[in-house]
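Reviewing the structure listed below.
The values are calculated or read from the model by the stated rules, or taken from the named source; none is laboratory data. Since the structure is predicted, the reported quantities are computational estimates derived from the model, not experimental observations. Each accessible area value is taken on the protein alone, full model and side chains, heavy atoms only, with ligands, DNA and RNA left out. Shrake-Rupley method; radii C 1.70, N 1.55, O 1.52, S 1.80 Å.
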Amino acid sequence: MSDHGKGGGRRRRRMLTAQEKYQIWLQLVTGEVSQRDAAEQWGIDPTTVMRIREVAKEAALAGLAAWKPGVRGQGEDSELAAARSEIARLEETVKEQAIELVALRGKGRSGFRPDPRPHQRR
């Protein structure tokens, strides 16, 4: 039986990794292979090669449109700074509470001192 299988002459679907798609795109951009040659080389349908080119172009255009030379992603940086500030504040709160707890309970050998009053049953 040939590479077509039982599906009425259709090839078995091959799932490409992102790295493989990028490699195909690089081969096309550099002129190393044509779309038809890339499809044959990678064992995929020519429409898949066309779609890889389209998606790569759209992603590149979107990335370039969002990119502003000399400006870092301020939204991301401010969110990260806010999160780090909140973490630092919470760490200080936990430290203060731990100190208060130790002062209130007193620190025995194990770090815990039970209530000196025995529990009474009624």
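Taking the 1.4 Å solvent-accessible surface of region 20-94 as the whole, the part contributed by carbon and sulfur is 57%. The accessible area of Leu90, taken with all protein chains in place and a 1.4 Å probe, comes to roughly 80 Å².
For region 40-45, the Karplus equation 6.51 cos²θ - 1.76 cosθ + 1.60, evaluated at θ = phi - 60°, returns couplings of 5, 4, 8, x, 10, 6 Hz by residue, with Gly and Pro reported as x.
Extension gain for Leu80 to Lys68 (0.36 nm times residue separation, less C-alpha to C-alpha distance): 2.4 nm. Taking a straight Cα-Cα cut-off under 20 Å and skipping sequence neighbours fewer than 8 places away in the same chain, the aspartates and glutamates within cross-link reach of Lys21 are Glu32, Asp37, Glu40, Asp45, Glu54, Glu58.
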